[in-house]
Amino acid sequence: MNIIWHSKSKQFHLYNDKISYIMGVTPTGDLGNIYFGKRIHDKEDMSYVVTRFGLPNVALDPDTESYSQELNRQEYPFFGATDFGTHAYEVEGANGSGVSCFIYKSHRIFKGKKALPGLPATYAGVDEAMTLEVVLEDELTKVKMILSYTIFEDYPVIARHTVFQNEGTAGVKLKRALSACLDLSDQNYEWMQFSGAWARERMPVVKKLSAGSVSIESKRGISSANQNPFVIVKRPETNDFMGEAIGLSFVYSGNFIAKAECDSFGRLRLLMGIHPDRFTWVLKTGESFETPEVLIARTDSGLNDLSQTYHKLYNNNLVRGKWKNTPRPILLNNWEATFMDFDEAKILDIARKAKEAGVELFVLDDGWFGERNDDFAGLGDWVENPKKLPEGIAGLARKINAIGMKFGFWIEPEMVNPDSNLFRRHPEWALSTPGRKSSLGRHQLVLDFSKKEVVDYIYEALKKVMTNASVSYIKWDMNRSLTEVYNADLLPEEQGMVYHKYIKGVYSLYERLRTDFPDILFESCSSGGNRFDAGMLYYAPQGWCSDNTDAIDRIRIQYGTSYGYPISSIGAHVSAVPNQQTGRSTSIGTRANVAYYGTFGYELDLNHISDDEFEEVKKQIIFMKENRELFQFGTFYRLRSPFEADQAAWMVVSEDRRKAIFALYCMRSNVNQLPGFLKLAGLLPEEKYSLRGEEYYGDELMNMGVTLGKLGSNGMTIGRDFVSYVEMLEAK
Ligand code: DGJ
């Protein structure tokens with residue numbers, strides 16, 4: 001890994017073993033991209049790539065009359081001059097003009113990586129990464145812009161973000177401040193996004209790119225289940241096992257846009273950042289604004305390789321604290337067992353049975369506080385309901401601990417019900433716009449976390465409950481989108497700052513709580529996976545992936561999620577059948593076989609399953625305890641897509657590649673077909689692995705595959721609907 005500055009040609013080359021990122025100062029003094037791709041040799045001067053002629057109807061820089069931004073790949077394109085594509089930023093000066101001209105001034109190269117104040121970001125020690133900061137300045141407004149690039153030693157990843165500093169004498173407005181732009185030299189790519197809705201999150205969608213643009217976005221105040229802030233562009237032939245692909249992941253949990261734009265000259269522009277709609281940042285003299293981070297990863301070896309890069313990067317350089325690379329406790333959550341209809345006796349009953357099964361952590365979900373007996377009331381009143389918990393959270397935690405399990409509980413700190421004491425005392429704390437109706441979502445309003453006093457109040461209230469009790473885990477929920485966004489304490493021209501201030505308020509509360517309680521395992525949640533993004537992983541190392549706990553639907557949801565996020569982050573539980581959301585019944589074995597590829601837990605009353613099932617649950621827990629490190633932190637491979645076949649398969653492989661566990665799920669039985677083979681991945685070709693009491697070479701298993709006869713082929717039918725199996729193989 002290195003960052004080279006060629007002072008004569010004014011070019012930078014960032015490289016590691018796998019990638020090269022080359023850019024330079026353009027004839028107009030700003031920054032242009034030269035190359036991003038597989039590692040290539042360093043050269044003093046690559047300005048031969050610069051187009052120095054005009055074409056009809058192309059605007060040219062007046063000083064050179066031979067250079068147009070439109071005909072050259074830009075690094076961080078701006079509004080107003082000779083580039084007509086989507087621009088990455090816009091600084092509006094005091095005279096109302098959005099035209100700017102940022103010119104290279106200086107740069108700094110250093111080992112390691114800086115933190116982004118108040119924002120989530122990857123971190124790296126001095127041996128793990130190098131950072132380049134390029135300073136540009138707009139001579140008219142005296143605004144400085146610092147483009148930051150970090151290259152990692154071990155990952156084909158560039159982390160980017162930008163800082164704007166107003167060093168002028170007049171205020172300016174940032175009308176747009178995306179985090180990254182990447183101009184590529186050809187358009188032969190497909191775009192892959194992860195779309196859905198509640199209970200069907202992160203379904204992969206692939207589109208061919210051609211003239212014009214494709215984009216995804218969220219304007220809900222949360223990253224959303226509708227579009228995840230992670231996209232891939234890949235060559236049409238690229239699949240999970242081969243081919244070139246580039247990923248862009250936004251380390252942010254609020255409004256965003258990700259866009260691919262094919263220009264008229266065969267190039268592709270990729271952009272990612274905070275959504276410019278309803279975004280305006282007022283920058284007074286002396287103030288600065290920092291964009292969130294985008295992580296750009298690249299592979300030549302297929303989408304499994306790209307995903308593995310993100311998985312490792314997040315596990316090693318995004319997740320912090322005690323739970324970094326630590327296998328997760330097996331938990332039982334009472335939500336689907338009781339909803340809000342419980343008292344302490346009922347909870348202890350469920351907990352005792354969970355302990356008997358081997359569960360390690362009991363999680364009390366929604367309904368323990370205020371007048372919260374249904375979802376019409378109570379949010380905001382973070383004081384225990386004595387009718388349900390006579391000795392409070394502290395008393396229940398004590399009793400759960402005495403049973404022999406750790407204890408955790410549910411909160412939804414960003415919300416308030418109109419029917420709550422908090423709202424009666426502080427109606428002005430809910431997000432609302434003067435003179436307008438306030439929309440409700442799940443009968444609740446959103447607390448205005450752009451106001452510090454609101455965050456402070458919630459912090460004190462939660463801290464009190466958490467301090468008094470022995471708490472090992474917190475599930476942080478968030479169950480609606482933001483509407484009528486307005487902060488009456490801000491000036492009219494500052495209203496475009498509210499969405500971002502809100503999410504920074506959320507981050508600040510997370511940071512305070514995790515600093516006060518460093519051992520607590522936080523799990524983020526947002527009606528399932530409505531806010532499942534890299535930003536959240538900086539605070540909460542795992543996220544409830546979906547409210548849809550049906551094993552068959554979950555295969556798709558977890559499969560889609562795995563493109564961008566590690567298995568250690570995917571909250572996955574075994575729940576009761578018929579499933580609450582789909583009405584489908586699957587065996588307890590299949591439900592566990594899906595949940596193993598996640599954080600693993602239960603979300604049902606184990607008193608209500610048969611004795612045989614209970615015995616199976618005990619075995620599942622023993623199996624998961626023995627193998628959770630491999631499941632959660634092993635190298636994960638997607639083998640067969642549930643979107644393309646009637647069977648889905650995936651596997652995890654240990655770091656030394658000597659142990660692996662694969663799973664095959666029959667989503668739909670198939671009549672009059674041969675069972676076929678499943679090709680495994682990631683093994684040592686020369687090693688012999690034991691599987692099903694036989695020995696197989698690694699190359700045999702990866703190229704010929706394992707037979708699928710075990711699915712229960714009876715000569716007529718492959719498998720039965722929803723049958724699955726998980727098998728382990730180990731090198732001698
Ligand atoms: C939505 C979450 O996704 C569920 O798991 C559960 O915690 C409920 N909220 C509780 O209200």
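All of the numbers you see were taken from the coordinates with simple rules; none came from a lab. All values derive from a computational prediction rather than experimental measurement. Glycine also receives a Cβ, built like all others from the backbone with ideal geometry; neighbour counts cover every protein chain displayed.
When you count the other C-beta atoms within 10 angstrom of each residue and take the mean per peptide, 340-353, 365-378 line up highest first as 365-378, 340-353. Sorted from longest to shortest, the spans of the Cα atoms of segment 550-709 along the three principal axes equal 48, 38, 34 Å.
Out of Thr169, Trp191, Thr131, whose Cα points farthest toward the positive end of the dipole of segment 85-217 (charges: +1 Lys, Arg; -1 Asp, Glu; placed on Cβ)? Selected residue: Thr169.
Between the alpha-carbon centres of segment 381-399 and segment 533-599 there is a gap of 29 Å.
Counting lysine pairs in segment 1-142 that sit 8 or more residues apart in sequence, or on different chains, and whose Cα atoms lie under 18 Å apart gives 7. Spin-label pair Ile109-Ser587: with each label point 7 Å from Cα along the Cα-Cβ axis, the two points sit 6.0 nm from one another. Shape annotation for the chain: C-alpha extents along the principal axes are 83, 69, 43 Å, from largest to smallest.
Dipole of segment 628-732 computed with +1 at Lys/Arg Cβ and -1 at Asp/Glu Cβ about the Cα centre; of Met651, Phe636, Ser724, farthest Cα towards the positive end is Ser724. If the chain linking Glu626 and Asp699 were pulled fully straight, counting 0.36 nm for each residue of separation and taking away their Cα-Cα distance, it would gain 23.6 nm.
To make sure I understand, if each residue's beta carbon is the centre and we count other beta carbons within 10 Å, what order do Tyr473, Tyr459 fall in, fewest to most? Each step should come with its number before you reach the end.
Values: Tyr473 24, Tyr459 16.
Ordered from fewest to most neighbouring Cβ atoms within 10 Å, Tyr473, Tyr459 come out as Tyr459, Tyr473.
Taking a point 7 Å out from the Cα of Arg320 in the direction of its Cβ, the residues of segment 117-133 whose backbone N falls within less than 20 Å of it are 117-131. For Lys437, the lysines whose Cα falls under 20 Å of its own Cα, not counting residues fewer than eight places away in the same chain, are Lys219.
Placing +1 at every Lys and Arg Cβ and -1 at every Asp and Glu Cβ, with all other atoms neutral, what dipole size does segment 512-663 have around its Cα centre, in debye to the nearest 20?
Working: 16 positive and 20 negative charges, 103 e Å.
Roughly 500 debye for segment 512-663.
Segment 215-237 to segment 36-72: how many Å between their Cα centroids? The two parts, judged by their Cα centres, are 31 Å apart. With a Förster radius of 30 Å applied to the C-beta separation of Asp656 and Asn468, the computed FRET efficiency comes to 0.10. Of the peptides 503-515, 201-213, the order by per-residue mean of other Cβ atoms within 10 Å, starting with the highest, comes out as 503-515, 201-213. Put in order of Cβ neighbour count within 10 Å, fewest first, the listed residues His500, His608 become His608, His500.
Let's test the formula: R0 of 60 Å, r as the Cβ-Cβ distance of Phe241 and Lys8. What FRET efficiency results, to the nearest 0.05?
Computed FRET efficiency for Phe241 and Lys8 comes out at 0.90.
Here the chain is treated with +1 on each Lys and Arg Cβ and -1 on each Asp and Glu Cβ, and its dipole about the Cα centre works out to around 260 debye.
What length, rounded to one decimal in nm, is gained on full extension from Arg39 through to Glu371, with 0.36 nm per residue of separation minus their alpha-carbon distance?
Numbers: separation 332, 0.36 × 332 = 119.52 nm, distance 6.04 nm.
Taking 0.36 nm per residue and subtracting the Cα distance, the gain is 113.5 nm.
Here each label is just a point 7 Å from Cα along the line to Cβ, and for Asp341 and Lys207 those points are 4.5 nm apart. Other residues with beta-carbon under 10 Å from the beta-carbon of Glu190 carry, at +1 per Lys or Arg and -1 per Asp or Glu, a net charge of +3. Here the simple spin-label model places points 7 Å from the Cα toward Cβ, and for Leu491 and Ser438 these points are separated by 2.7 nm. How much net charge surrounds Val363 when only the other residues with a Cβ under 13 Å from the Cβ of Val363 are counted, with Lys and Arg +1 and Asp and Glu -1? Combined, the nearby Lys, Arg, Asp and Glu give -4. Candidates Tyr76, Tyr35, Thr64 compared by Cα position along the dipole of segment 15-85: farthest toward the positive end lies Tyr35, with charges placed on Cβ.
Placing +1 on the Cβ of every Lys and Arg and -1 on the Cβ of every Asp and Glu, with no other charges, gives segment 73-175 a dipole of roughly 160 debye about its Cα centre.
Find how much the distance from Glu139 to Asp349 grows on full extension, using 0.36 nm per residue of separation minus their present alpha carbon separation; answer in nm with one decimal. Before the final figure, lay out the partial values.
Working: separation 210, 0.36 × 210 = 75.60 nm, distance 7.03 nm.
This chain segment gains 68.6 nm when fully extended.
In terms of other Cβ atoms within 10 Å, Thr64, Thr162, Thr635 run from fewest to most in the order Thr64, Thr635, Thr162.
Adding -39500 (n - 2.57) for every DSSP H run of four residues or longer, then dividing by how many residues the chain holds, sets the calculated 222 nm ellipticity at -6000 deg cm²/dmol. Here the calculated FRET efficiency for Phe84 and Asn401, from their Cβ-Cβ distance with R0 = 45 Å, stands at 0.10, rounded to the nearest 0.05. Sorting the segments 56-63, 682-689, 264-271 by their residues' average number of neighbouring beta-carbon atoms within 10 angstrom, most packed first, yields 264-271, 682-689, 56-63.
Averaging the Cα positions of each part gives two centres, and for segment 157-201 and segment 262-315 these lie 4 Å apart.
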